[in-house]
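The values are calculated or read from the model by the stated rules, or taken from the named source; none is laboratory data. As the structure is a computational prediction, the values presented were derived from the model and not from experiment. Note: ideal-geometry Cβ built from the backbone for every residue, glycine included; neighbour counts use all protein chains shown. Areas reflect the complete protein model, heavy atoms only, side chains present, ligands, DNA and RNA absent. Shrake-Rupley method; radii C 1.70, N 1.55, O 1.52, S 1.80 Å.
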Amino acid sequence: MFDAGPFGKIAANGFLSGYGLLQNNHVPGDDTKQADLSNGFIVIQKTDGVFQFYIQAGAYNIPDLGTPFFTTKDTISDFYGPLPVAFLKLQAGKNTSFQIGSLPTLIGAEYSFSFENMNVERGLLWNQEPVISRGIQVNQTMGKVSASVSWNDGYYSSRYTWLSGSLAYTNGANALSFVAGGNLGQTKYQTFATPVQNNGSIYNVIYTYTKGPWIVQPYFQYSSVPTNKTIGVINGASTKGGAILASYAFKHGFSLPVRWEYIASSGSVAQNSVNLMYGPGSDGTTFTVTPTFQSGGFFVRGDLAWTHIGSFVKGDVFGPNGLNNNQFRVAGEIGFIFGDNIMKK
């Protein structure tokens, strides 16, 4: 914290970490081993007063199970740039606030960057969700109930046709959230950051139990991309999935997070359904264990992860010919957290 004169008290934080992995059945263009910077962020924020702000600038990698490795350089250029999260906040009242800018999505249980998550790599459910959305958001707290509504560009599309919202009830160690988002328009525009899912809708039911050394978070997710031949979706499809995230904190800085998830998509090749995963009608399961040690701002952790694709279209899974439906990864991350004012979603 430091005194910025007319701007009041400002908090400055930093995140610096490196990431590496070993994997089998890599796809062409990938490799059996990879390493890069995973987080190189400076965060500056003002968290009091009527006018507040949050700026997160730097380098990042977004490792995700079941997808090829992207270098940090390519991740920055192909996704959200060197300033992925930045917004102004108006604290209009004790329980009411407005935010405008580049915002973390309201959707899903996992967060955008590795330092925010209990596992190093994200999962298959996360891969269906928006990550960063640009727009405006209204937040309201009413006792044990909190709600947020956002008008935004969905999957970073620069088309402001998405409406997202969340409603959460918290009572002691228990919290239950309902989250939904959808595109009220349609567009052919697609990039790495803006997949075909931008033309659909997505829903979550998330339960969180936090008490003592335990965090347990099961959640359900449903997404849908409707038929729209004018934008190239000949036959729509949907996904249904569920996950359980859990973590137990031992003594002396050790913890053991685990994640299990399953997700399946509808449709078929014969119906010319849109591909949302590993071909129309595919499904996938992952299991991840992440032994972690943290002492002050220093941390080191590793992912032991298995991805299994059940039904799939030949050529759309792992290996040089896209025919292997299993992939094992051993990943590690080591780094430092500077400061203690970490933004929460």
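Each residue in region 232-255 was checked for being within 30 Å of GLY182 (Cβ to Cβ), modelled with pLDDT of 95 or more and not β-branched (Val, Ile, Thr), and 10 pass.
One residue stands out among those in region 40-51 that are open to solvent by 20 Å² or more (accessible area, probe 1.4 Å) and part of a strand (DSSP E or B): the one that is nearest to THR71 (Cα to Cα), which is GLY40.
Just give me the residues in region 229-252 being open to solvent by 30 Å² or more (accessible area, probe 1.4 Å) and of a type outside the set (A, V, I, L, M, F, W, C), in sequence order. Scanning region 229-252 gives LYS229, THR230, GLY232, ASN235, LYS240, TYR248, LYS251, HIS252.
Filtering region 214-223 for residues that are assigned to a loop (DSSP other than H, G, I, E, B) and of a type outside the set (Ser, Thr, Tyr) leaves an empty set. Sub-9 Å Cβ pairs linking a first residue in region 29-47 that is more than 19 Å from PHE113 (Cβ to Cβ) to a second residue that is open to solvent by 70 Å² or more (accessible area, probe 1.4 Å) and not basic (Lys, Arg), at least 6 apart or interchain, are THR32/LEU22; LYS33/LEU22; LYS46/PHE7, ordered by first then second residue.
Region 255-345 holds strands (runs of 3 or more DSSP E) entirely within its bounds, and those carrying 2 or more residues that are crowded, with 16+ Cβ neighbours inside 10 Å and small (Gly, Ala, Ser) map to 298-309, 326-338. For VAL120, the criteria (1) surrounded by 22 or more Cβ atoms within 10 Å (Cβ to Cβ); (2) part of a helix (DSSP H, G or I); (3) among the β-branched types (Val, Ile, Thr) hold in every case but one, which is (2).
Can you tell me which residue among TYR54, TYR19, TYR60 is at pLDDT 95 or above and closer than 30 Å to LEU323 by Cα?
On the way: TYR54 fails: closer than 30 Å to LEU323 by Cα; TYR60 fails: closer than 30 Å to LEU323 by Cα.
That would be TYR19, the only listed residue that is at pLDDT 95 or above and closer than 30 Å to LEU323 by Cα.
Pairs are defined by a Cβ separation below 7 Å, a sequence spacing of at least 6 or placement on different chains, a first member in region 93-106 that is closer than 24 Å to PRO82 by Cα and modelled with pLDDT of 95 or more, and a second member that is outside any strand (DSSP E or B) and of a type in the set (Lys, Arg); the pairs so defined are PRO104/LYS345.
Looking at TYR203, is it in contact with a Lys or Arg (Cβ under 6 Å, 6 or more places away or on another chain), surrounded by 15 or more Cβ atoms within 10 Å (Cβ to Cβ) and among the hydroxyl-bearing types (Ser, Thr, Tyr)? Spelling it out, it is not the case that TYR203 is in contact with a Lys or Arg (Cβ under 6 Å, 6 or more places away or on another chain), surrounded by 15 or more Cβ atoms within 10 Å (Cβ to Cβ) and among the hydroxyl-bearing types (Ser, Thr, Tyr).
Quick grid of which residues meet (1) in a strand (DSSP E or B); (2) buried (at least 19 other Cβ atoms within 10 Å of the Cβ):
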| position | (1), (2) |
| --- | --- |
| PRO130 | no, yes |
| SER133 | yes, yes |
| GLN137 | yes, yes |
| SER150 | yes, yes |
| SER157 | no, yes |
| PHE178 | yes, no |
| GLY181 | yes, yes |
| LYS188 | no, no |
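Closer than 30 Å to LEU90 by Cα and either modelled with pLDDT of 95 or more or not aliphatic (A, V, I, L, M) (or both): is that true of GLY29 in this structure? So GLY29 does not fit the description; no. Among the residues of region 5-20, the ones that are more than 13 Å from ILE62 (Cα to Cα) and either in contact (Cβ under 8 Å) with a residue 24 or more places away in the chain or part of a strand (DSSP E or B) (or both) come to 10 in all.
Do you know which residues across region 264-287 are touching a Lys or Arg at 6+ places or on another chain (Cβ under 8 Å) and under 17 Å from GLU129 (Cβ atoms)? ALA264, THR286 - these are the residues of region 264-287 that are touching a Lys or Arg at 6+ places or on another chain (Cβ under 8 Å) and under 17 Å from GLU129 (Cβ atoms). If you go through region 88-107 and keep only what is surrounded by fewer than 19 Cβ atoms within 10 Å (Cβ to Cβ) and not in a strand (DSSP E or B), you end up with GLN91, ALA92, GLY93, LYS94, ASN95. Mind checking whether some residue in region 76-87 is assigned to a strand (DSSP E or B), more than 28 Å from PHE178 (Cα to Cα) and more than 17 Å from the chain's Cα centre (by Cα)? No: zero hits.
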